[in-house]
């Protein structure tokens, strides 16, 4: 198909942000783009924004705005789990630039403890730990992009 290439990444955060800006600029509530077997559907307003990729012949139910966190133990230590990004976006370690980080290495967290914010399409999503333990590593950098499933923190679950 003309204009498409194998290296073309429609899930590029900058492109999605530009689509959201265009939606606001032209007061659009929904964009539904399709190219070959890939689909992007964005909605704004009362319904959550969605980004979906699926063959066109398959209908998928609407996904929640933020998926649950995946916690995966590393092979080297069964007591250490990773807190991964539930969405593609920008990682922020603090609620604002002048504030201290939500957590740092050595801090103890509970399942409800907010560990960071991931901004996706101008929506700031507070990310809870969903696990109890001690932060042993911060793997993401403030202001840097994170991918879905990318480890952001390592937590030792031995209390």
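The values are calculated or read from the model by the stated rules, or taken from the named source; none is laboratory data. Being a predicted model, the structure only gives us computed values, none of them experimental. Cβ placement follows ideal geometry from the backbone for every residue including glycine, while neighbour counts extend to all protein chains displayed.
Do we have any residue at all in the stretch 78-86 that's farther than 24 Å from residue 21 by Cα, at pLDDT below 85 and assigned to a loop (DSSP other than H, G, I, E, B)? Walk me through it before giving the result.
Residues of the stretch 78-86 farther than 24 Å from residue 21 by Cα: 78-84.
So of that shortlist, the ones also at pLDDT below 85 come out as 78-79.
Right, trim to assigned to a loop (DSSP other than H, G, I, E, B) and you get 78-79.
Scanning the stretch 78-86, I find at least one residue that is farther than 24 Å from residue 21 by Cα, at pLDDT below 85 and assigned to a loop (DSSP other than H, G, I, E, B), so the answer is yes.
Listed here are the residues, each with its yes/no results for (1) modelled with pLDDT of 70 or more; (2) in contact with a helix residue (DSSP H, G or I) (Cβ under 9 Å, 6 or more places away or on another chain); (3) not assigned by TED's automatic domain parsing to the domain that holds residue 119.
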{"residue": "4", "(1), (2), (3)": "no, no, yes"}
{"residue": "10", "(1), (2), (3)": "no, yes, yes"}
{"residue": "20", "(1), (2), (3)": "yes, no, yes"}
{"residue": "23", "(1), (2), (3)": "yes, no, yes"}
{"residue": "28", "(1), (2), (3)": "yes, yes, yes"}
{"residue": "31", "(1), (2), (3)": "yes, yes, yes"}
{"residue": "40", "(1), (2), (3)": "yes, yes, yes"}
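Given the criterion modelled with pLDDT under 90 and either surrounded by fewer than 19 Cβ atoms within 10 Å (Cβ to Cβ) or in contact with a strand residue (DSSP E or B) (Cβ under 7 Å, 6 or more places away or on another chain) (or both), identify the matching residue among 122, 134. Explain how you work it out, then say what you get.
Numbers: 134 fails: modelled with pLDDT under 90.
Result: 122 is the single residue among 122, 134 that is modelled with pLDDT under 90 and either surrounded by fewer than 19 Cβ atoms within 10 Å (Cβ to Cβ) or in contact with a strand residue (DSSP E or B) (Cβ under 7 Å, 6 or more places away or on another chain) (or both).
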The correct count of residues that are surrounded by 17 or more Cβ atoms within 10 Å (Cβ to Cβ) and over 18 Å from residue 133 (Cα atoms) in the stretch 94-119 is 3
